[in-house]
Amino acid sequence: MKLTTFFTSVAAVTGILVGGMTTASAESTLEIVKKRDHLRCQIGKPSPGFYTIDAKGDWDGFYVANCQAIAAAIFGDKSKVKYQSVGSQVRFTALANGESDLLSQSATMTMSRDSQLGLDFLQTNFYDGQGFMVRKDSGITSALQLKGAKVCVKTGSTSELNLADFSRKHNLKISAVTFEDFNVRDETYVKGGCDALTNDKSSLAANSAAFPKPKDHLILPETLSKEPLGLVVRQGDSDWANLVRWSLNAMVNAEELGVNSQNVDEMRKSDNPSIRRLLGVEGNLHDGIGLDKDWAYNIIKQIGNYGENYERYLGNGDKALGITRAGTLNALWTNGGLLYSPPMR
Amino acid sequence: MAFVKKEITPARPAPLSERSVIGWMHKHLFSSFYNSILTIVTMYIIYITTKGLWVWGIADAVWIAESRRECFDISIDGACWAGVIAWMDNIFYGRYPKDELWRVNVGILLLIVWMLPLWLPRVKGKIFIAITLISFYPFLANYIFLGGESSFFSQFMVSAAIVSFVVIMLNAIIGVIQGQSISTFIATRLGSSLKSEKSQRNLNIALLIMAFIIAFLWQQSWVLGEVPWTKWGGLFLTLVISGIGIATALPSGIILALGRRSKLPVIKVLSTTFIEVFRSVPLITVLFMATTMFPLFLPEGFVLNKLAQVIIAVCLFNAAYMAETVRGGLQTIPKGQYEGAHTIGLGYWGTMGLIVMPQALKNMIPNIVGNFISILKGTTLVSIIGLFDILGMLSSVSRDLSWIGLHKEPLLFGAMIFFILCALMSKYSRHLEAKLSTNRKT
């Protein structure tokens, strides 16, 4: 914890310093990126579904695809990215000090982070929340039944604090068993060392796939915390923030309009003015963010819309985590979720 | 009457208690009541632990599977070595492109072949081998591993490396067969026309220049695609970082140790400060400073190569440790040795280089090699700052969706690799000690 606090304050100081410098400097982030001819995108330490190295040695995952989307928008080529895998202690510092152009990690947006680190948290594109997992044969169906239970949790994480809050609020007297390594935590739970396991629900779903008998376990319906995850950029270059924000909006908007990587070429001939504007057939949306008019077309053609991306890595694809999207906050607003793109006109 | 026996009685075989298995066991394992109990208890403990390991690691283990789920389907309690096998390339080479792996192999093989003549007793000119190895091989290896476009300077050094490699190889072959160095070999072959030393030297230089031009033209035809350092990883990256750390630690440690014992106040204070600062800070802090804090002091948009920063940090850190080891060795040398050196007219560098250092370093071999081993193991810390060295790769296996949660097997495999490497190093140090101590007749 102490280390984390130290690095957070370092990030805050650098943010202020660098933030002041960027406003003064002549070159915008977009110009620097274009001149360098690749995007430097910061991702996290390997985590299933979000950023993984496969057996071929390539990066892949939901947040990796976000990096590729920005590269596709700028260069028309999703491979022009250099990934920087940074641990959670120094992630904000590594963005603030100019090492990375963009942070595409599962970083929860909070008021203090957004307002004190010299960073801008853009709109949320994955809503996570902490939950519990129990063995089915324990007969527990609600988190409120966990009175006096032993719960396995990762140390130094917000999950530990949320668990303590939850226990106090409902007077459950939960005793937390903390672990440094999530593999050891999961194994202890599987071997019966804890009554329940707590973590972000997406991770619970992902990790339970590794259990010897995943069907013997159940994720409880309660959600302990709000974990809005999105992309982060340095403060002080609003043009760059606009570019990243609207690239992600374009993916959501494409899903709303039914444009995907398969039909995007036909959709260019569509009569729907919203689609024509999105794909750059008419209008001049691209002028404001300083890109070619094919920018959104390239994103959708090369990476796909939000829904495709979700299914490929987190949903029910063959290499995905298997988190059903329908009925969660990550569904489109038209299906009762929270994903909503402002109009692109 | 002669009671003197004419022939020597043949030696009788040793008593049964000395040569049979039962005798050995009686002597070593069951010599007393308590020792027998101790033996039985220990045997039982060994049996329990190895049986568990055997059943989990070999008997119930799965060697061929597509994913961890499949491993579970085959054997729910056994080890899943299939995941380690699928990740083998990643563990050894990191994210290096799979079609280009031969470059890493060639680079490492070149290093081994280059160093081989150092251990052959009949080969002459070992100093030349060591000097070229340190000054030219890094450039050659850098080009082979990194590829891409290279500057004129680097092409120059690569050509020099090729020439010296060829010369060393020819020299080694001639050395093994004839027991001479390559220059004497050429001179004797060409007969009496080149008797004088000067013309012989001129000939050697001419040959070298010719070889250099050929090498330079040849290496210009090389086309190796660029593999950025961000793709380096696995055991390869660990060896690159620790190899450079090990190669620089000893020379810089010697210089710092001499500096600390120097009579010149400025040098002494500078060396002492450097050593104390780096020794009192943990390596992980040095690494964080080098990679995260250092860029803050640089002009904006100026980005250093993270790998280079890490290597520099590792080198500085280990130089400080090595300096103290060397200083310890210097303190074991009695004053008489210095005085003896002075009486035969040696100056400072002569005393140090010919008399003191050889003895001091010989005394310190176990400590120096201990330092090398800790450098090798210490470099795994770079996985914390986001380089995917062997530890980073081993722990990434459990994050791959196909092998999610598979963490014991890769770490065990990594432990075996480290054990082999470190055991080899310490074995070599013991060999070196034995070899050098025979010269000492005290």
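Observations on the structure shown:
- At q = 0.13, 0.14 Å⁻¹ the log10 of I(q)/I(0) for the stretch B:155-227 amounts to -0.48, -0.54, computed by Debye summation with a single uniform scatterer per C-alpha, solvent ignored.
- Degrees, to the nearest 10: A:2-24 long Cα axis against longest axis of chain A: 10
- Amide H contacts of B:Ser67: none lie under 5 Å away among residues 5 or more positions distant or on a separate chain (H built 1.01 Å from N in the peptide plane; Pro and chain starts excluded).
- Computed as a quarter of the hull surface, the mean projected area of the alpha carbon convex hull for the stretch A:81-172 stands at 8.4 nm².
- MRE, 222 nm, helices only [DSSP H, n ≥ 4, -39500 (n - 2.57), over chain B, to nearest 500]: -21000 deg cm²/dmol
- When the trypsin sites (Lys or Arg not before Pro) in the stretch A:220-303 are filtered for DSSP coil states and for at most 10 other beta-carbon atoms within 10 Å of their beta-carbon, the remaining sites are A:Lys269.
- Amide H contacts of A:Arg40: A:Lys82, A:Asp101, each under 5 Å away and 5 or more positions distant or on a separate chain (H built 1.01 Å from N in the peptide plane; Pro and chain starts excluded).
- Judged by a Cβ-Cβ distance under 4.7 Å, the unpaired cysteines of chain B are B:Cys315, B:Cys422.
- Dimensions (Å) - the stretch B:161-298, Cα atoms, principal axes, largest first: 63, 50, 30
- The translational diffusion coefficient of the stretch A:215-345, from Stokes-Einstein at 37 °C and 0.692 mPa s with a Kirkwood hydrodynamic radius over alpha carbon pairs, comes to 202 µm²/s.
- Restricting attention to the stretch A:130-219, close to 55% of DSSP beta bridges with both partner residues there are antiparallel.
- Length released on extending from B:Met210 to B:Val277, taking residue separation times 0.36 nm less the Cα-Cα span: 19.2 nm
- Surface/4 estimate of mean projected area, convex hull on alpha-carbon atoms of the stretch B:365-442, nm²: 6.1
- Expressed as a fraction of 2.2 N^0.38 Å, the value expected for a compact globular protein of N residues, the C-alpha radius of gyration of the stretch A:176-241 is 1.55.
- Interface residues of the stretch A:95-138, defined as a loss of at least 10 Å² in heavy-atom accessible area between the chain alone and the complex of all protein chains with a 1.4 Å probe, are A:Asn97, A:Glu99.
- Plainly put, chain B has a radius of gyration that is 1.06 times its Kirkwood radius, both from alpha-carbon atoms, as the Rg/Rh ratio.
- Estimated translational diffusion coefficient (Stokes-Einstein, Kirkwood radius over Cα pairs, 37 °C, 0.692 mPa s) of the protein assembly as shown: 105 µm² per second.
- Scanning chain B for DSSP H helices at least 20 Å long along the axis (C-alpha atoms) with a Kyte-Doolittle mean no lower than 1.0 picks out B:33-54, B:101-115, B:152-178, B:234-260, B:265-279.
- Residue with peak Gaussian network fluctuation, chain A [Cα springs, cutoff 10 Å], from A:Thr334, A:Thr108, A:Thr198: A:Thr334
- Table column - 3J(HN,Hα) (Hz), the stretch A:261-267, Karplus curve with 6.51, -1.76, 1.60, x for Gly and Pro: 5, 6, 9, 5, 5, 5, 4
- Three principal axis extents describe the C-alpha atoms of the stretch B:212-291; from largest down they are 53, 35, 18 Å.
- Working note: Karplus 6.51/-1.76/1.60 with θ = phi - 60° gives the stretch A:103-110 the couplings 10, 10, 10, 7, 9, 6, 7, 10 Hz, where Gly and Pro are set to x.
- Of all accessible heavy-atom area on the stretch B:105-226, the percent that carbon and sulfur account for (1.4 Å): 74
- Across chain B, the longest run free of exposed loop sites, meaning trypsin sites (Lys or Arg not before Pro) lying outside DSSP classes H, G, I, E and B with no more than 11 other Cβ atoms within 10 Å, spans B:7-194.
- Dividing the summed helix terms, -39500 (n - 2.57) for each DSSP H run of n ≥ 4, by the number of residues in chain A produces a 222 nm estimate of -11500 deg cm²/dmol to the nearest 500.
- Between helix A:158-169 and chain A: long-axis angle, C-alpha atoms, 0 to 90°, nearest 10: 50
- Per residue, the accessible area of the stretch A:130-219 comes to 47 Å², computed with a 1.4 Å probe over protein heavy atoms only.
- Between B:Glu276, B:Glu197, B:Glu70, the Gaussian network model of chain B with springs among Cα atoms under 10 angstrom shows the greatest mean-square fluctuation at B:Glu197.
- For the stretch A:130-219, the carbon plus sulfur part of the accessible surface works out to 52%, probe radius 1.4 Å.
- Phi-based couplings in Hz for the stretch B:353-358 (Karplus 6.51, -1.76, 1.60; Gly and Pro marked x): x, 9, 10, 7, 4, x
- Solvent-free Debye scattering, log10 I(q)/I(0), computed from the Cα coordinates of the stretch B:105-226 at q = 0.13, 0.22 Å⁻¹: -0.57, -1.27
- Cα gyration tensor shape of the stretch A:130-219, rounded if a/c is under 1.5, else prolate or oblate by comparing a/b with b/c: oblate
- Ranking B:Trp102, B:Trp222 by solvent-accessible area of protein heavy atoms (1.4 Å probe, all protein chains present), from largest to smallest, gives B:Trp102, B:Trp222.
- Under-5 Å amide H pairs with A:Ala107, H placed in peptide plane, nonlocal only: A:Gly230
- Residue among B:Ser183, B:Ser374, B:Ser395 with the largest mean-square fluctuation in a Gaussian network model of chain B, springs linking Cα atoms under 10 Å: B:Ser183
- Accessible area expressed per residue, the stretch B:332-418, with surrounding protein chains retained (probe 1.4 Å, Å²): 40
- Buried accessible surface for the A/B chain pair comes to about 3300 Å², total over both chains, computed with a 1.4 Å probe.
- Normalised by residue count, chain A yields a Cα convex hull volume of 137 Å³ per residue.
The values are calculated or read from the model by the stated rules, or taken from the named source; none is laboratory data. Values in this document were obtained by computation on a predicted structure and should not be read as measured data. Every residue, glycine among them, receives a Cβ derived from its backbone with ideal geometry; neighbour counts consider all protein chains shown. Surface areas here come from the heavy atoms of the whole protein model, side chains and all, with no ligands, DNA or RNA. Shrake-Rupley method; radii C 1.70, N 1.55, O 1.52, S 1.80 Å.
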